[in-house]
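Here the structure comes first, spelled out in structure tokens, and everything after it is commentary.
The values are calculated or read from the model by the stated rules, or taken from the named source; none is laboratory data. Quick caveat: nothing in here was measured; it's all calculated off a predicted structure. So basically every Cβ, Gly included, is an ideal-geometry build from the backbone, and we count neighbours across all protein chains shown.
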Amino acid sequence: MRILPVLCALLLLMLQGATGLSLARGSRQDCERRGGFCSHQSCPPGIGRVGLCSEQEFCCRMRWYP
């Protein structure tokens, strides 16, 4: 039973880390600060979605592959 609180804490830490992988809702300034641009309805081909500028606009950024 002592391991249950440790497992709960570990699960919460994992969930907090996973939220960074989702599309973050922000503003146009947040998107530009991340090196992206806002695009209405969808991102151009070859450009990935990295967040949301508003309900109708996506934050898009060129994908870099090392």
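It is to be established whether one or more residues within the stretch 13-27 are of a type outside the set (Ser, Thr, Tyr), modelled with pLDDT of 85 or more and either exposed (fewer than 14 other Cβ atoms within 10 Å of the Cβ) or under 15 Å from the mean Cα position of the chain (by Cα) (or both).
no
Restricting attention to the stretch 28-52, which residues are in contact with a Leu (Cβ under 8 Å, 6 or more places away or on another chain) and closer than 11 Å to Arg63 by Cα?
Arg49, Val50 - these are the residues of the stretch 28-52 that are in contact with a Leu (Cβ under 8 Å, 6 or more places away or on another chain) and closer than 11 Å to Arg63 by Cα.
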